[in-house]
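The values are calculated or read from the model by the stated rules, or taken from the named source; none is laboratory data. Because the structure is a prediction, the values reported are computed rather than measured. Positions of Cβ are generated from backbone atoms using ideal geometry, with glycine treated the same way; all protein chains shown enter the neighbour counts. These accessible areas exclude ligands, DNA and RNA; they are computed on the full protein's heavy atoms, side chains included. Shrake-Rupley method; radii C 1.70, N 1.55, O 1.52, S 1.80 Å.
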Amino acid sequence: MEVVIAPADELARLAADAIEERLRREPGTVLGVATGSSPLKVYDELARRHAEEGLSFARARAFMLDEYVGLAADHPQRYRNVVEAELASRVDLAPGALCGPDGLADDLPAACAAYEEAIADAGGVDVQILGIGTDGHIAFNEPGSSLASRTRIKTLTAQTRQDNARFFDDDLEQVPRHCLTQGLATIMSARHLLLLATGRGKAEAVHQLVEGPVTAMWPATIVQMHPHATVLVDDAAAGRLQLADYYRQTYASKPGWQGL
Ligand code: GLP
């Protein structure tokens with residue numbers, strides 16, 4: 001696991017560099033896309049590079065991490081609509097290249113199984129963008145999630161519903177109670193994980209993620225077992241890291257050719 005501590009704009013550029021490098025080398029790259037505020041600057045940077053520098057997504061595919069259950073197809077907070085607005089519509093992803101679990105399916109377990117199959121059929125995710133919840137969840141794998149889980153239905157914790165109420169006019173009642181989410185094992189199958197976290201509110205989750213024992217109580221800690229994981233954090237989110245100085249020194253003396 002590599003930890004990079006830098007201002008938010010630089011983190012976004014670094015994440016975009018890793019994605020661009022991969023896309024230019026392999027135009028058919030399979031991206032894993034996250035929702036939440038953490039990846040927004042990355043999407044802005046990718047959209048800018050598409051508009052100004054010809055970065056193309058035309059042959060790429062993008063798989064979403066998760067989706068609320070039961071939000072109407074045209075609801076602006078439906079994750080598919082969020083990713084469409086924040087990324088897909090701003091680059092040249094082909095129609096149909098954005099895939100997500102179907103939170104409106106009649107048969108939700110079948111929709112989850114179909115989603116796992118679609119990811120496998122695409123050859124797996126090459127670069128997965130991740131955020132982290134204040135309780136240490138990734139995608140919607142809440143505390144207690146099986147470390148071996150695959151895509152399935154989950155119940156959101158009170159904390160996550162409260163954290164996400166800001167996207168629903170601060171009205172907790174509007175926040176769905178259930179979601180479909182890639183499991184921890186699904187996420188761990190991606191070839192490169194790029195996890196972004198900014199702000200003091202994430203400091204404890206980031207500390208656990210990087211330095212805590214691997215436990216289902218902090219689901220993101222499973223990322224410690226990944227062979228290629230990059231954790232991109234600003235000073236505030238790095239605030240509780242015991243080895244912050246070591247991570248800073250390591251990154252500062254990293255050879256330029258190495259990339260993330
Ligand atoms: C939601 C998403 C997660 C995201 C988390 C943190 O719960 N399902 O994928 O990481 O929010 O969101 P934010 O980046 O807005 O703090």
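Considering each of S189, S253 in turn, give the residue that is out of contact with any Phe, Trp or Tyr (no Cβ under 7 Å at 6 or more places or on another chain), hydroxyl-bearing (S, T, Y) and farther than 30 Å from I153 by Cβ. Full working, then the answer.
On the way: S189 fails: farther than 30 Å from I153 by Cβ.
The match here is S253.
Across the stretch 232-246, what is the total count of residues that are open to solvent by less than 90 Å² (accessible area, probe 1.4 Å) and under 22 Å from the mean Cα position of the chain (by Cα)?
8
Can you find even one residue in the stretch 91-104 that is part of a helix (DSSP H, G or I) and either closer than 20 Å to R191 by Cβ or under 20 Å from the mean Cα position of the chain (by Cα) (or both)? Can you show your working first?
Of the stretch 91-104, the ones part of a helix (DSSP H, G or I) are none.
No: zero hits.
Show the residue pairs that are 6+ apart or on different chains and have beta-carbon atoms under 7 Å apart, the first residue being within the stretch 1-28 and in contact (Cβ under 8 Å) with a residue 40 or more places away in the chain, the second being of a type in the set (S, T, Y) and crowded, with 17+ Cβ neighbours inside 10 Å.
If the second residue must be of a type in the set (S, T, Y) and crowded, with 17+ Cβ neighbours inside 10 Å, the pairs left are E2/T230; V3/Y247; V4/T230; I5/Y247; A8/T198; R22/T29.
H207 fails exactly one of the following numbered conditions: (1) within 12 Å of the ligand (Cβ to nearest atom); (2) part of a helix (DSSP H, G or I); (3) of a type outside the set (S, T, N, Q). What is the number of that condition?
(1)
Out of the residues in the stretch 134-156 meeting the condition of being among the β-branched types (V, I, T) and open to solvent by less than 40 Å² (accessible area, probe 1.4 Å), tell me which one is farthest from D102 (Cα to Cα). Spell out the reasoning first.
Of the residues in the stretch 134-156, the ones among the β-branched types (V, I, T) are 134, 138, 151, 153, 155.
Add one more test, that the residue is open to solvent by less than 40 Å² (accessible area, probe 1.4 Å), and what stays is 138, 151.
Numbers: I138: 19, T151: 11 Å.
Of everything passing the filter in the stretch 134-156, I138 is farthest from D102 (Cα to Cα).
Just need a number here: residues in the stretch 166-186 that are crowded, with 16+ Cβ neighbours inside 10 Å and within 10 Å of the ligand (Cβ to nearest atom).
3
I'm trying to understand the selection: among the residues of the stretch 115-133, which are in contact (Cβ under 8 Å) with a residue 12 or more places away in the chain, over 15 Å from M188 (Cβ atoms) and surrounded by fewer than 21 Cβ atoms within 10 Å (Cβ to Cβ)?
Passing the criteria: A118, A122, G123.
Can you find even one residue in the stretch 126-148 that is closer than 20 Å to E84 by Cβ, modelled with pLDDT of 95 or more and more than 13 Å from the ligand (Cβ to nearest atom)? Spell out how you get there, then give the answer.
Residues of the stretch 126-148 closer than 20 Å to E84 by Cβ: 127-131, 139-140.
Subsequent filtering for residues that are modelled with pLDDT of 95 or more retains 127-131, 139-140.
If we keep only those that are more than 13 Å from the ligand (Cβ to nearest atom) as well, we get 127.
For the stretch 126-148, residues closer than 20 Å to E84 by Cβ, modelled with pLDDT of 95 or more and more than 13 Å from the ligand (Cβ to nearest atom): present.
Which condition does R61 not pass, out of (1) within 16 Å of the ligand (Cβ to nearest atom); (2) in contact (Cβ under 8 Å) with a residue 60 or more places away in the chain, if it passes all the others?
With (1) within 16 Å of the ligand (Cβ to nearest atom); (2) in contact (Cβ under 8 Å) with a residue 60 or more places away in the chain applied to R61, the lone miss is (1).
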